[in-house]
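What follows is one structure encoded as structure tokens, with my remarks underneath.
The values are calculated or read from the model by the stated rules, or taken from the named source; none is laboratory data. Keep in mind that this is a model prediction, so the values were computed, not measured. We place every Cβ from the backbone using ideal geometry, glycine too, and count neighbours over all the protein chains shown.
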Amino acid sequence: MKEILDKLKIALKDLERESGGVLLFALFLREEALGKWDLLISAPWLDARGLELYEQVTQAVQKQMGDTEITQLSRIVILKSGDPAVAFLQHLYPVPNGSFIEVANCEPLSDKFGFTIKRAYVLRCVRV
């Protein structure tokens, strides 16, 4: 898993270099996702929610990850920077540039999002 996290950190840096700061970059493993991870991202420049923005994020991730690794992702979830879920995560799991945390207790996440989250990694979670 560390190798995937390291590659995602590079993708995150690439996205920031191309488009600007990222508030949230995290992986959630939902119980019903059959062992595949959701990649959550939030940034002010993503608030437009256009298809081209999904493509930009997808391309940055695909550029760093191999075919086997990319199949471990279920979907990319773009959250608006003003979404209450982003503020919730910023409050609970502040993670600055260059580090990451594995969330030890996913119960607060499961309660907030309304579905069971088995594991989670937060690679970036900052306030503006």
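Scanning region 15-49 for residues that are farther than 26 Å from Lys112 by Cα, more than 15 Å from the chain's Cα centre (by Cα) and either not charged (D, E, K, R) or not in a helix (DSSP H, G or I) (or both) yields Ser19, Gly20. Exactly one of these conditions fails for Gln56: (1) of a type outside the set (Val, Ile, Thr); (2) free of Cβ contacts under 8 Å to residues at least 40 places away in the same chain; (3) in contact with a Leu (Cβ under 8 Å, 6 or more places away or on another chain); (4) not in a strand (DSSP E or B). Give me its number. The number of the failed condition is (2). Which members of region 4-15 meet the condition of being touching a residue at least 24 places away in the same chain (Cβ under 8 Å) and either touching a His at 6+ places or on another chain (Cβ under 6 Å) or not small (Gly, Ala, Ser) (or both)? Residues satisfying the conditions are Ile4, Leu5, Lys7, Leu8, Lys9, Ile10, Leu12, Asp14, Leu15. If you go through region 72-102 and keep only what is modelled with pLDDT of 90 or more, loosely packed, with under 13 Cβ neighbours inside 10 Å and within 14 Å of Ile4 (Cα to Cα), you end up with just Glu102. Taking Gly98 as the residue in question, decide whether it is closer than 12 Å to Leu24 by Cα, assigned to a loop (DSSP other than H, G, I, E, B) and not acidic (Asp, Glu). No: the conditions fail for Gly98.
Screening Gln72 on (1) free of Cβ contacts under 8 Å to residues at least 24 places away in the same chain; (2) more than 24 Å from Pro96 (Cα to Cα) shows it passes everything except condition (1). Here Ile4 fulfils each of the conditions (1) in contact with an Asp or Glu (Cβ under 8 Å, 6 or more places away or on another chain); (2) not in a helix (DSSP H, G or I) apart from (2).
Within region 114-125, the set of residues being surrounded by fewer than 15 Cβ atoms within 10 Å (Cβ to Cβ) and either closer than 11 Å to Asp38 by Cβ or aromatic (Phe, Trp, Tyr) (or both) comprises just one member, Phe115.
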